Amino acid sequence: MYAPERHQLILTAARTDGRVDVTALSRQLDVTPETVRRDLTTLERRGLLRRVHGGAIPVERLGVEPGLADREGRYAQHKDRIAKLAVDELPDGGSIILDAGTTTARLAELLPTDRELTVVTHSLPIAMILASRPGITLHLVGGLVRWRTLAAVGGWARQAIAEIHADVTFLGTNGITVEHGLTTPDLAEAQVKRALVDAARRTVVLADHSKVGRTDFALVAPIDSVDTLITDSEVDPELADELEAAGLSVVRA
């Protein structure tokens with residue numbers, strides 16, 4: 001049986017039963033558990049399944065876009081490593097933009113106290129982290145706050161962002177591919193993210209390996225808008241090579 005055939009059978013079983021198990025699939029498909037795990041990883045990167053302990057569940061069961069609480073614990077160690085490497089991309093003083101997200105929030109916690117930084121964010125959680133931090137001049141962008149991400153979106157947010165010119169934007173994303181660039185599930189959030197990219201001289205994307213090779217509903221920006229991707233060591237080497245060939249600097253944490 002070819003891989004695409006296995007993928008279709010796995011996806012059909014997940015949608016029918018609400019879950020698939022690695023051991024059961026291994027017996028059913030007459031392949032090793034390692035092969036099944038690779039198949040599940042491929043389907044997760046395509047945004048069709050979500051890996052859980054011992055197997056996977058269809059994204060329909062999770063909803064289109066998980067909230068902050070669901071995303072906070074997912075790949076937590078990977079995100080911590082990515083945030084630590086992102087510190088090396090900070091300017092020596094100057095201004096940065098922090099996009100809403102769980103990985104960018106980890107970077108906010110790691111911002112050094114030995115230099116003056118101007119920080120712009122439309123994220124309520126990140127603003128709370130930085131509001132009393134010495135050495136930080138914080139600008140909180142207002143607008144309609146999405147309950148899923150606790151981020152301000154809409155015309156107010158885009159108008160405020162259009163008035164600034166920062167050194168670096170640290171951007172989160174739900175998907176990144178050479179063909180479709182940066183994508184996210186929500187159109188309003190995508191528009192604000194696009195404004196964040198346009199508002200800085202450099203864009204550094206912070207994304208764990210599950211986002212690489214995945215495409216979501218709404219376009220944020222084409223791939224040539226990104227200068228650097230910081231991901232983790234579990235990223236698919238072929239996907240990373242494709243991004244580097246497209247001109248990105250890919251850093252593995």
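The values are calculated or read from the model by the stated rules, or taken from the named source; none is laboratory data. Keep in mind it's a predicted model, so treat the numbers as computed, not measured. For neighbour counting, all protein chains shown are included, and Cβ atoms are generated from backbone atoms with ideal geometry for every residue, glycine included. Protein only, heavy atoms only, side chains kept; ligands, DNA and RNA dropped before computing areas. Shrake-Rupley method; radii C 1.70, N 1.55, O 1.52, S 1.80 Å.
Within the option set Leu196, Leu182, being within 24 Å of Val120 (Cβ to Cβ), open to solvent by less than 10 Å² (accessible area, probe 1.4 Å) and touching a residue at least 60 places away in the same chain (Cβ under 8 Å) holds for one residue only, Leu196. Among the candidates Gly142, Gly94, the residue that is of a type in the set (Gly, Ala, Ser), surrounded by fewer than 18 Cβ atoms within 10 Å (Cβ to Cβ) and touching a residue at least 60 places away in the same chain (Cβ under 8 Å) is uniquely Gly94. Restricted to the stretch 1-52, the set of helices (runs of 4 or more DSSP H) holding at least 1 residues that are touching a Ser or Thr at 6+ places or on another chain (Cβ under 7 Å), crowded, with 18+ Cβ neighbours inside 10 Å and modelled with pLDDT under 90 comprises 33-45. Of the listed requirements (1) on the phi < 0 side of the Ramachandran plot; (2) surrounded by fewer than 19 Cβ atoms within 10 Å (Cβ to Cβ), Gly135 misses just one: (1). State yes or no: is Leu187 closer than 28 Å to Glu44 by Cβ, of a type in the set (A, V, I, L, M) and open to solvent by 20 Å² or more (accessible area, probe 1.4 Å)? Yes; evaluated as a whole, the condition is true for this residue. For the stretch 167-187, the condition holds for at least one residue, the condition being that it is more than 16 Å from the chain's Cα centre (by Cα), under 23 Å from Ser95 (Cα atoms) and in a strand (DSSP E or B). Checked against (1) of a type in the set (Ser, Thr, Tyr); (2) open to solvent by 10 Å² or more (accessible area, probe 1.4 Å); (3) in contact (Cβ under 8 Å) with a residue 24 or more places away in the chain; (4) in contact with a Gly (Cβ under 6 Å, 6 or more places away or on another chain), Thr113 meets all criteria but (3).
For the stretch 131-160, the tally of residues that are within 20 Å of Asp198 (Cβ to Cβ), aliphatic (A, V, I, L, M) and over 23 Å from the mean Cα position of the chain (by Cα) stands at 1. The residues in the stretch 64-98 that are at pLDDT 90 or above and part of a helix (DSSP H, G or I) can be counted, and the count is 13.
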